[in-house]
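Undergrad: Dropping the structure in here first, questions after.
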Amino acid sequence: MRAFEKIQNKHNRDAGKKPYFDLTMVAVVVLLVAFGFVMIYSASAYQAGMSANFNNDSMYFLKKQIAAAVIGFIAMGVLVFIPPKFYRMVPSWVYLALAFILMALLLVPQFAKSSHGATRWLKLGPLPQFEPVEVVKLLMIIFYSRVYTKRGRDLTTFWKITLPLIPVGILGLFIRFTSHNLSSALIVMVIPLMMVSIIAKDRKSILFGWLGIAAAAAAAVGGIILIDKITGGVGNFRFGRVLAWLSPEKYSSNEGFQVMQALYAIGSGGLFGKGLGESVVKIGSISEAQNDMIFSIICEELGIFGAVCIIVLFAILIYRLFIIAANTRDLFNALLVIGIMCHISVQVILNIAVVTNSVPNTGVSLPFISAGGTSVLLFLVEIGIALSVGRNIMIEKK
């Protein structure tokens, strides 16, 4: 009887209301993906057309991106109608276990695929080749939404905040070991930290935590500089990236070459750019410009105006995600959207920071725009989940 009364009360509350659907967010995502198509073709057409590795097909990368985006939009459309409570039906440990299993498969020769000296892709039976770490990012968002929902808002001490982060710290080290992909490992670890920073009550512990990370980073940079001074040169290429970040012109013939070319592209674009398709650095100077360095091509061809337009679109997307997270009544739903918001934010910030040499080169893609089938598909999946959360918000019918 009580259950019936609850259903009846909910029906009465929701009378005259309808589920919220964020058309603005959908429009922004479609614009970003479509813009990505244009820039991927512009950045890759020449090199793909001249290379036998890509069948001398100037549309090689564009075709792959379109195929992945079509699958992603279909998945997004399906996920919109799957209630967020579905993700709570699966025990939280399953998400963590699946993340470790996916990364462990990189150690199995018959499944792991290598390219450019890195092993970051899996080929499982009839499934297309994909990057497991992109799936792991989503798994961690769901896992920590479950973990911090269970703990509620009782995150009032340093240990209550940091102990749940131990699994993702171990996972980050495992990702670094299996894929040698430091940037993705850092992103996987940073997303849960950003999530708990938003909902935790103990702001002092969060502040000390971030200050500790900043101090560790500063100490690492200082140590690399000291080693370089003592030895007269650092052979490790990751150390070299830090040194190239500090003095790109000094290392312009090796580790700093990509960054110097990206800075040249940004500077030469001016206010309105050289024109679509007119980039110079994409022809040999920047290898695979359609990937991590695509923002520099945007700046060169479309200028500061084009770059600002893209940043504004991302800002609108982040704002729309924030609106959904702030208006949902369920903590788990809110954390899902917060995690997605943090994921997109950190990748946008890191990608632009790398291209502008604000941080050392880390190899991070620009969401929805950089070439990469797994990346664009998983980002569209995340948007589908966010829209599903939005549909649980009831608004007045007009």
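The values are calculated or read from the model by the stated rules, or taken from the named source; none is laboratory data. If you're wondering where the values come from, they're calculated on a predicted model, not measured in any experiment. Cβ: placed from backbone, ideal geometry, glycine included. Neighbour counts: every protein chain shown.
Undergrad: Considering only the stretch 328-357, state which residues are touching a helix residue (DSSP H, G or I) at 6+ places or on another chain (Cβ under 8 Å), surrounded by fewer than 20 Cβ atoms within 10 Å (Cβ to Cβ) and in a loop (DSSP other than H, G, I, E, B).
TA: Passing the criteria: 330, 356, 357.
Undergrad: Go through 136, 147 for me and flag whichever is under 25 Å from residue 377 (Cβ atoms), buried (at least 16 other Cβ atoms within 10 Å of the Cβ) and in contact (Cβ under 8 Å) with a residue 12 or more places away in the chain.
TA: Exactly one residue qualifies, and that residue is 136.
Undergrad: Go through the stretch 281-298 and give me each residue that's without any contact (Cβ under 8 Å) to a residue 40 or more places away in the chain and crowded, with 24+ Cβ neighbours inside 10 Å.
TA: Passing the criteria: only 286.
Undergrad: Assuming residue 128 fulfils every condition listed in (1) touching a Lys or Arg at 6+ places or on another chain (Cβ under 9 Å); (2) surrounded by 13 or more Cβ atoms within 10 Å (Cβ to Cβ); (3) more than 29 Å from residue 338 (Cβ to Cβ) apart from one, which condition is it?
TA: Unmet condition: (1).
Undergrad: Closer than 19 Å to residue 346 by Cβ and touching a Pro at 6+ places or on another chain (Cβ under 8 Å): is that true of residue 188 in this structure?
TA: In short, no.
Undergrad: Can you pull out the residues in the stretch 36-86 that are among the hydroxyl-bearing types (Ser, Thr, Tyr) and either at pLDDT 90 or above or in a helix (DSSP H, G or I) (or both)?
TA: 41, 42, 44, 46, 60
Undergrad: Return yes when residue 119 is over 24 Å from residue 368 (Cα atoms), surrounded by fewer than 20 Cβ atoms within 10 Å (Cβ to Cβ) and not acidic (Asp, Glu) and no when it is not.
TA: no
Undergrad: What are the residues in the stretch 351-383 that are farther than 17 Å from residue 255 by Cα and among the small types (Gly, Ala, Ser), if any?
TA: 365, 370, 371, 372, 373, 375
Undergrad: Which one is nearest to residue 142 (Cα to Cα) among residues in the stretch 307-327 that are surrounded by fewer than 21 Cβ atoms within 10 Å (Cβ to Cβ) and either in contact with an Asp or Glu (Cβ under 8 Å, 6 or more places away or on another chain) or not aliphatic (A, V, I, L, M) (or both)?
TA: 322
Undergrad: Here's another thing I want to ask about it. So residue 58 ticks every box in (1) within 22 Å of residue 27 (Cα to Cα); (2) more than 22 Å from the chain's Cα centre (by Cα) but one. Which box is left unticked?
TA: (1) is the only condition that residue 58 fails.
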